[in-house]
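Take a look at the structure set out below.
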Amino acid sequence: MCSPTIILEKIVEKIVETVFQSVRRHVGFILYYKQNLENLKDEVNNLQKQRSSVKREVDEANYRGEAINNNVSDWLKYVDETKQGVEKFMKDETVKENMCVNFSCPNFISRYRLSKEAEKKVV
């Protein structure tokens, strides 16, 4: 038999677990701020390496007079736009990181937002 207290305990346990996971994720944006930014830099570097490789192949194909698929050209443009967006983000991030709010540094709200945005950009 299931007693009401056992059912209530299970419900409360699920709620607490869900809330804890949510809080942990959001606190993680602050705790792993630098790591998230480093991950973003690493991913941009990897993307740039792939772009260079593809661009080299495109240049070779152009030299041989072969046609280039529009998807490849679009991808190269997308990579350039993405890289510019990340560079702008990193520049803005440095400015925001050095800002203080009410003479209390570091600005955890700004770090939270930047860390969260960096994680989104990595994806």
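The values are calculated or read from the model by the stated rules, or taken from the named source; none is laboratory data. The structure displayed is predicted, hence computed values, not measured ones. Cβ atoms come from the backbone with ideal geometry, glycine included; neighbour counts cover every protein chain shown. Accessible surface areas use protein heavy atoms only, side chains included; no ligands, DNA or RNA. Shrake-Rupley method; radii C 1.70, N 1.55, O 1.52, S 1.80 Å.
Under a Cβ-Cβ cut-off of 14 Å, what is the net charge of the residues other than Lys77 that fall near it, where Lys and Arg count +1 and Asp and Glu count -1?
On the way: positive: Arg51, Lys55, Lys83; negative: Asp74, Asp80, Glu81.
Summing Lys and Arg as +1 and Asp and Glu as -1 gives 0.
Each residue of the stretch 42-47 in turn: what ³J(HN,Hα) in whole Hz from Karplus with 6.51, -1.76, 1.60 and θ = phi - 60°, glycine and Pro shown as x?
Once θ is set to phi - 60°, the couplings for the stretch 42-47 become 4, 5, 5, 5, 4, 5 Hz.
Please report, for the Cα atoms of the stretch 7-75, the Rg to one decimal and the Dmax as a whole number; what are they, in angstrom?
Over the stretch 7-75's Cα set, Rg and Dmax evaluate to 23.4, 72 Å.
Taking chymotrypsin sites (Phe, Trp or Tyr not before Pro) that fall in a DSSP loop and have at most 16 other Cβ atoms within 10 Å as cut points, what is the longest piece of the chain between them?
Details: sites that count: Tyr32, Phe103.
Between exposed loop sites, the widest span is 33-102.
Excluding ligands, DNA and RNA, what is the solvent-accessible area per residue of the chain at a probe of 1.4 Å, expressed in Å²? Show your work: numbers first, answer last.
Numbers: 9720 Å² over 123 residues.
Here the per-residue accessible area is 79 Å².
Calculate how steeply helix 108-122 sits against the longest principal axis of the alpha-carbon atoms of the chain, using the helix alpha-carbon long axis, and give the answer as 0 to 90 degrees to the nearest 10.
Compared with the principal axis, the helix lies near 50 degrees.
Here are some values of Cα Rg over 2.2 N^0.38 Å: (i) 1.49; (ii) 1.85; (iii) 1.67. Which one was computed from this structure?
Comparing each candidate, only (iii) matches the computed number.
What ³J(HN,Hα) values, in whole Hz, does the Karplus curve 6.51 cos²θ - 1.76 cosθ + 1.60 give for the stretch 8-19 when θ = phi - 60°, with x put for Gly and Pro?
4, 4, 5, 5, 4, 4, 5, 5, 4, 4, 5, 5
Trypsin sites (Lys or Arg not before Pro), restricted to the stretch 1-78: which are DSSP loop and have at most 14 other Cβ atoms within 10 Å?
Numbers: sites: Lys10, Lys14, Arg24, Arg25, Lys34, Lys41, Lys49, Arg51, Lys55, Arg56, Arg64, Lys77; in loops: Arg64.
Answer in residue order: Arg64.
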